[in-house]
Structures are given as C-alpha cells and as structure tokens.
C-alpha cells in the first residue's frame with residue numbers, strides 16, 4: 001500500500017470511529033436512550049470489564065492458551081488480589097501482582 | 001485543577017504501563033506492514049483503539065482496498081457506541097461543544113474507570129474525573145506507538161509481558177471491590193466465560209457481543 005492510501009484509511013477509520021464515540025453525546029435521541037437503559041448498560045459494563053480480564057488471561061496469538069504464561073498471568077492477578085485484600089491499596093497491589101509474575105518468569109529463565 | 005480531575009489523573013496512571021505495552025505492539029505491527037511512521041502516529045491520534053488498529057494492519061496483509069480497511073476499523077470500534085451511551089448516562093448535563101471534544105478519547109479503560117468511580121462519587125464530578133483519566137492515558141498510547149516504531153521488536157520480552165499485565169490486574173481489582181449484588185456477579189461471570197470463545201469466533205466483536213448478551217440475560221433474570 002502507498003503512503004497516501006494508508007493516510008486515507010487512517011483518516012476514514014478515524015472519522016467513522018469519532019462518529020461512534022460522539023453520537024450518543026451529541027444526538028438527542030441517543031442521549032435520552034442512554035439514560036433510559038442505565039441498568040442494562042451497568043451490567044454490560046461489568047461484563048466488559050470481566051471479558052477484558054478473561055481475554056487478557058486466556059487469549060494469546062488468536063487462540064485460548066492454558067500454558068506456562070497463562071499460569072504466570074494468573075499468578076499476577078491472584079497475588080494482586082491477595083495483597084489488595086490486606087492493604088486496600090490499588091497501586092501497591094498492581095505493582096506487586098505484575099512484579100510477582102515478572103519475577104517468577106525471570107527466575108524460570110524469561 | 002480540581003479534586004475530581006486529580007483523582008482521574010491518579011486512576012488513569014494505573015493503566016499507563018498497559019497502554020504503553022499495547023500501543024508499542026501497534027507501532028511494531030505497523031512498521032512490519034510498511035505503514036509510514038507519521039501515519040502510524042496519526043492513527044493513534046485519530047483512531048485511538050488498538051484492536052481496530054491491529055485489525056486494519058492485519059487486513060492490509062490480505063487486501064489493499066482502502067474502503068475495506070476503513071470498514072474493518074469502524075466495525076471493530078462499534079463497542080465505543082455502547083461505551084459513550086453509558087457515559088452519557090453517567091455525566092451531568094454539559095454543553096455539547098465540550099462533550100464533542102472529549103468524546104474522541106473514550107476508550108475501554110477511560111470508560112470503565114469512570115464507570116467504577118461513578119459508584120461512589122457524585123455525578124457532578126464524573127466528567128472532570130473522566131478528563132483526568134484520559135489526560136493521563138492518551139499520551140501513554142502515543143508514547144507507546146512511538147516506542148514501537150523506533151525500537152521495533154527490540155524491546156525485551158519481559159518488559160512487554162509485565163507491562164501488558166497491568167490492565168487485567170487493574171480490572172480484577174476494580175471488580176473485586178465493586179461487584180456485590182447477585183446480578184452484578186452474574187454479569188461478571190457471564191462476561192468472563194463467554195468472551196474468550198466468542199472473541200475467537202468473531203475477533204474484535206466477541207467482547208462486545210458477550211457483554212451485551214450478559215446484560216440482556218441479567219435483565220431477563222431480574223424480570
């Protein structure tokens with residue numbers, strides 16, 4: 001693909017994506033719709049957060065992989081949750097969880 | 001700088017490492033497929049959605065039809081519509097011109113962090129909080145893209161592995177502290193179980209479809 005073709009593709013997708021993002025804020029009927037379905041959207045939000053966690057833990061290179069790296073990622077999440085339970089500090093738990101997974105991976109030879 | 005904005009900056013900082021890691025991947029993939037460096041950076045400014053950027057790069061391996069690449073990018077980003085719809089319900093009434101500017105920076109992270117914050121903060125604070133989150137997270141996406149372009153695949157694997165862990169860990173922490181009611185637990189369980197297989201079946205759509213289905217099922221169960 002030429003540089004101009006890439007530029008066109010990026011600008012086109014950018015404009016389309018902006019329309020999706022901005023429409024509920026700017027178009028009155030959609031604005032009202034958002035307020036009407038708060039309960040549904042709340043449950044959808046929880047499901048999206050859980051889906052992102054599941055996707056990040058399980059999917060690698062477009063396949064569900066329960067391999068060594070999966071267990072390390074799971075270790076990171078569990079370690080963070082355990083520390084959070086005692087300290088109630090999100091940053092501490094976040095760095096502890098990621099650090100634990102990276103540390104074990106490094107000890108196992110990267 | 002008010003307190004809500006500062007709280008947003010603080011919450012937004014938790015996803016910075018993940019943003020850098022993910023968008024480093026975008027920069028690397030774009031360089032491999034031959035996208036010019038400035039256009040790659042522009043794609044993060046204008047599209048600001050790694051899954052769509054990856055999908056566009058992926059389809060460019062098979063097709064050079066610009067319209068097809070644009071369509072794929074937009075379709076993968078349909079989830080932003082639902083996210084903005086939710087934010088509309090959370091934010092206080094604001095001038096549309098102001099919202100039009102900040103709408104560009106809606107992402108899964110900025111939307112979810114604001115959503116979780118809305119459960120304990122007054123509605124009047126939420127827009128400033130959201131602005132704080134995106135002011136912190138958006139530059140991380142641009143920096144990550146630049147790192148990917150400049151360093152290519154030379155970054156240590158341990159760095160990318162660790163940085164990519166911040167997002168799932170952060171959302172696990174938010175879920176563990178926020179989910180209390182039975183219907184919320186059901187939505188989380190359904191989203192967790194249904195997303196991976198659906199995402200494999202329909203890449204870029206699975207997360208969105210699983211979440212909508214989970215929301216509808218929970219609504220029906222309540223009735």
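Given the criterion facing another protein chain (nearest Cβ under 7 Å) and modelled with pLDDT of 85 or more, identify the matching residue among B:215, B:206.
After applying the criteria, what remains is B:215.
If you go through segment B:1-17, how many residues are within 9 Å of another protein chain (Cβ to nearest Cβ) and buried (at least 20 other Cβ atoms within 10 Å of the Cβ)?
Qualifying residue count, segment B:1-17: 3.
In segment B:174-195, what count of residues is obtained for those that are facing another protein chain (nearest Cβ under 7 Å) and part of a helix (DSSP H, G or I)?
11
Residue B:23 - would you say it is in contact (Cβ under 8 Å) with a residue 40 or more places away in the chain, outside any helix (DSSP H, G or I) and closer than 24 Å to residue B:169 by Cβ?
It is false that residue B:23 is in contact (Cβ under 8 Å) with a residue 40 or more places away in the chain, outside any helix (DSSP H, G or I) and closer than 24 Å to residue B:169 by Cβ.
Return the only residue of B:75, B:90 being more than 8 Å from every other protein chain (Cβ to nearest Cβ), more than 24 Å from residue B:140 (Cβ to Cβ) and in contact (Cβ under 8 Å) with a residue 12 or more places away in the chain.
B:75
Being over 14 Å from the mean Cα position of the chain (by Cα) and within 20 Å of residue A:94 (Cβ to Cβ) is the filter; apply it to segment A:44-72 and report the residue that is farthest from the other protein chains (Cβ to nearest Cβ).
Among residues in segment A:44-72 that are over 14 Å from the mean Cα position of the chain (by Cα) and within 20 Å of residue A:94 (Cβ to Cβ), the one farthest from the other protein chains (Cβ to nearest Cβ) is A:71.
Go over the candidates A:72, A:83 one by one and state the one that is in contact with a helix residue (DSSP H, G or I) (Cβ under 9 Å, 6 or more places away or on another chain), without any contact (Cβ under 8 Å) to a residue 24 or more places away in the chain, in a helix (DSSP H, G or I) and surrounded by 15 or more Cβ atoms within 10 Å (Cβ to Cβ).
Step by step, each of A:72, A:83 is checked, and only A:83 is in contact with a helix residue (DSSP H, G or I) (Cβ under 9 Å, 6 or more places away or on another chain), without any contact (Cβ under 8 Å) to a residue 24 or more places away in the chain, in a helix (DSSP H, G or I) and surrounded by 15 or more Cβ atoms within 10 Å (Cβ to Cβ).
Within 21 Å of residue B:22 (Cα to Cα), at pLDDT below 95 and more than 11 Å from chain A (Cβ to nearest Cβ): is that true of residue B:144 in this structure?
Against the criterion (within 21 Å of residue B:22 (Cα to Cα), at pLDDT below 95 and more than 11 Å from chain A (Cβ to nearest Cβ)), residue B:144 qualifies.
Residues in segment A:89-110 that are surrounded by fewer than 18 Cβ atoms within 10 Å (Cβ to Cβ) and at the interface with chain B (Cβ under 8 Å from one of its Cβ atoms): how many?
4
Is it true that some residue in segment A:21-34 is touching a strand residue (DSSP E or B) at 6+ places or on another chain (Cβ under 6 Å) and without any contact (Cβ under 8 Å) to a residue 24 or more places away in the chain?
no
Quick one: which of B:171, B:161 is more than 24 Å from residue B:46 (Cβ to Cβ), in contact (Cβ under 8 Å) with a residue 40 or more places away in the chain, part of a helix (DSSP H, G or I) and within 13 Å of chain A (Cβ to nearest Cβ)?
Selected residue: B:171, the only one of B:171, B:161 that is more than 24 Å from residue B:46 (Cβ to Cβ), in contact (Cβ under 8 Å) with a residue 40 or more places away in the chain, part of a helix (DSSP H, G or I) and within 13 Å of chain A (Cβ to nearest Cβ).
Can you find a residue in segment B:64-72 that is more than 7 Å from chain A (Cβ to nearest Cβ), in contact with a helix residue (DSSP H, G or I) (Cβ under 6 Å, 6 or more places away or on another chain) and crowded, with 17+ Cβ neighbours inside 10 Å?
Yes, segment B:64-72 has at least one match.
Among (1) more than 9 Å from chain A (Cβ to nearest Cβ); (2) more than 21 Å from the chain's Cα centre (by Cα), which single condition is residue B:36 missing?
(1)
The values are calculated or read from the model by the stated rules, or taken from the named source; none is laboratory data. Since the structure is predicted, the reported quantities are computational estimates derived from the model, not experimental observations. Don't worry about glycine lacking a Cβ; one is built from the backbone with ideal geometry, like all the others, and counts go over all protein chains shown.
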